[in-house]
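Student: Shown below is the structure under consideration.
The values are calculated or read from the model by the stated rules, or taken from the named source; none is laboratory data. Because the structure is a prediction, the values reported are computed rather than measured. For neighbour counting, all protein chains shown are included, and Cβ atoms are generated from backbone atoms with ideal geometry for every residue, glycine included.
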């Protein structure tokens, strides 16, 4: 089910006002832990990858053993489902005891919830005990502004992503490292490249990446989209895609649904490059015997889009104390190291390893570095514009 930001905002305009219950104070952590014991935290999180689901299950085991919290992973196909659920509760006047206690979120879904007062405030994310471990020197800009929107302490970071391409060094010793090289590669290898269909997150990120490489002044993409935004995308991005599509997998008449399907096409040898937001996907796939042994990742040398992903707590969550404890545990060295391990998930850490004591630092091994700069996400308002123009151009 596709939920665009515009549709959500239209619904928000008719929503009834709601007043949330008083939130627990992270400054009194002992009280938070006491309140959290015995709570069931319903964590609404994407459920499209087995290894991620397994990691969340491990988190559940740990918070149960350590804090007496039951963690229920509500698996989503689209984070907008959680936003819609909280919106429906607000419309019905449900200010306490909401179904969603914690949500994995960023980008336009976060912006929609924040804009309409659906999130627990009080800058709680900045007051978590493990927040001190977060590497603000390296990642602070992306942590404080999510897709160009001031986070205001209403979501807590727990991982990072950067757009890369998986390739087989044995079959493709020189993968494309720029948009110009990608165009040449696609022309020379018809049918051997594709990207997930927007509004899939990775598919839309790929389109943003191309747009960043095409516009004369990237600054325009870091400001809110204006009246001429549709025209800019039509005139700049659509011509390049029109040239690319005839040489894509299935001649651009169909697209994979997401990263998992794209990776499967690569593993089966149908395509030569597979887009992903996780630089560890190649290492993990090789270790699991799912990808060719010479699989590596590459990125455009000028940089590719990266972002931080977060967890947030709705204003009407029924188990806020438990949600705070889970959010804090996700920032612990043990949780961050396990998540960063390619054999488990390979999702990069947001905490600074240099400041950890030797025992905690030793938990980390094998995080994959990307040999290209990380580019900030364009302002959230461009997401809907890009997806709408793409639909109009290629789905008619």
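Student: Only one of these conditions is not met by residue 151: (1) farther than 30 Å from residue 293 by Cβ; (2) modelled with pLDDT under 95; (3) crowded, with 16+ Cβ neighbours inside 10 Å. Which number is it?
Tutor: Result: residue 151 passes all but (2).
Student: Could you list, in sequence order, the residues of the range 349-374 that are in contact with a helix residue (DSSP H, G or I) (Cβ under 6 Å, 6 or more places away or on another chain) and under 24 Å from residue 110 (Cα atoms)?
Tutor: Listed by number, the residues that qualify are 349, 350, 351.
Student: Right, next: From 342, 378, 348, which residue is at pLDDT below 95 and either out of contact with any strand residue (DSSP E or B) (no Cβ under 7 Å at 6 or more places or on another chain) or not assigned by TED's automatic domain parsing to the domain that holds residue 51 (or both)?
Tutor: None of the other options fit; the residue is 342.
Student: Does residue 190 qualify as being part of a loop (DSSP other than H, G, I, E, B), modelled with pLDDT of 95 or more and under 21 Å from the mean Cα position of the chain (by Cα)?
Tutor: no
Student: Out of all the residues in the range 269-283, is one or more under 18 Å from the mean Cα position of the chain (by Cα), surrounded by fewer than 17 Cβ atoms within 10 Å (Cβ to Cβ) and under 29 Å from residue 341 (Cα atoms)?
Tutor: no
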